Amino acid sequence: MTDLAQAHVLVVGATGGLGSAIARRLVGAGARVSLAGRDESRLRSLADELGAAVVATVARDLTVPDGPAAVVEAAAAAAPLTGVVNAAGVVAFGGIEDLDDDTLDEVLLLDLVAPIRLARAALGVIPQGGFLAQVSAVVAERALPGMAAYSAAKAGLTAFDTALAGELRRRGIRVLDVRPPHTETGLASRPVAGQAPRLPRGLEPDAVAARVVQALADDERDLPSSGFSGSSD
Ligand SMILES: NC(=O)c1ccc[n+]([C@@H]2O[C@H](COP(=O)([O-])OP(=O)(O)OC[C@H]3O[C@@H](n4cnc5c(N)ncnc54)[C@H](OP(=O)(O)O)[C@@H]3O)[C@@H](O)[C@H]2O)c1
């Protein structure tokens, strides 16, 4: 078991639907959190809501090469970190002929390259017994037409997490790859390109967050899409 009441957790993507719900659940479990996002005003309002549990806030664009390391450094400088949860991401929809270079760059940079850079930086500060959780997606397990770049990025992230988990096992640092099904955060309504197909109703963000925080507390080592059954409310 990981005692979250003693933990300081950096939540990356804390301004998002899933990241903010995870931050709230971590604080509910007694953890202190540092919050990273891009939008400074939403970061400030979440920090106001969570009050004294917030150790630091840091606004950075994760697609620039030094962004992920800067976020880790700022949080670790404020107080020693127990773990990092990465819930930043974007999605794009549409066929391959319509996939332009800017979209391809943004999806791969934020959903695959930034998590790798974040992990590299986090390894230097996460102690034995600590954790890194990366929010991948169900499309890492079943790639979908019309979401090829997003599916490829998430499958790449899950492969990276699997390899990293093996590398870090001896150091006692846990890597949790999280692959939620569709969740009602509004992500699909603000894609960087294209338009979402009609989707069935997704899971509630707070239920997904509760499941992620439970997995952190219970020292789970993988959280596939099937691990969210029963997370509908
Ligand atoms: N919602 C779903 O159905 C679903 C399902 C499976 C997996 N996921 C994954 O879950 C994660 C969170 O998604 P969500 O649904 O919570 O989406 P969301 O509400 O749109 O949140 C996205 C987060 O990513 C941050 N972000 C976007 N571009 C950034 C950049 N260039 N630099 C730094 N931060 C950036 C946003 O920060 P700002 O708002 O401050 O810009 C926000 O905090 C993503 O990785 C997504 O792929 C989502």
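The values are calculated or read from the model by the stated rules, or taken from the named source; none is laboratory data. The structure displayed is predicted, hence computed values, not measured ones. Here the Cβ is made from the backbone with ideal geometry for all residues, glycine too, and neighbour counts use every protein chain on show. In case anyone asks, the SASA skips ligands and DNA or RNA and just uses the protein heavy atoms, side chains included. Shrake-Rupley method; radii C 1.70, N 1.55, O 1.52, S 1.80 Å.
Longest span of the chain, sites excluded, free of trypsin sites (Lys or Arg not before Pro) in DSSP loop with at most 13 other C-beta atoms within 10 Å?
Longest gap between qualifying sites, sites excluded: 1-141.
For the range 1-108, what are the per-bin percents of Cα-Cα distances with bins 5 Å wide, up to the bin holding the maximum?
2, 13, 22, 22, 15, 10, 7, 4, 3, 1
Name the residues of the range 38-70 whose amide N is less than 20 Å from a point 7 angstrom out from the Cα of A79 along the C-beta direction?
Correct set: 43-59.
Could you state, as a whole-number percent, how many of the C-alpha pairs of the range 4-228 are farther apart than 26 Å?
Result: 29 percent of Cα pairs exceed 26 Å.
Given the rule -39500 (n - 2.57) for each run of at least 4 DSSP H residues, summed and divided by the residues of the chain, what is its mean residue ellipticity at 222 nm, to the nearest 500 deg cm²/dmol?
-11500 deg cm²/dmol
When only C-alpha pairs under 8 Å and at least 6 residues apart count, what is the relative contact order of the chain, in percent?
Details: 475 pairs, mean separation 49.0, N = 233.
Once normalised by length, the contact order is 21 percent.
Length gain on complete extension for the stretch R44 to R170, per 0.36 nm per residue less the alpha carbon to alpha carbon distance?
41.6 nm
How much accessible area per residue does the chain have, in Å², with a 1.4 Å probe?
Ligands and nucleic acids excluded, the figure is 45 Å² per residue.
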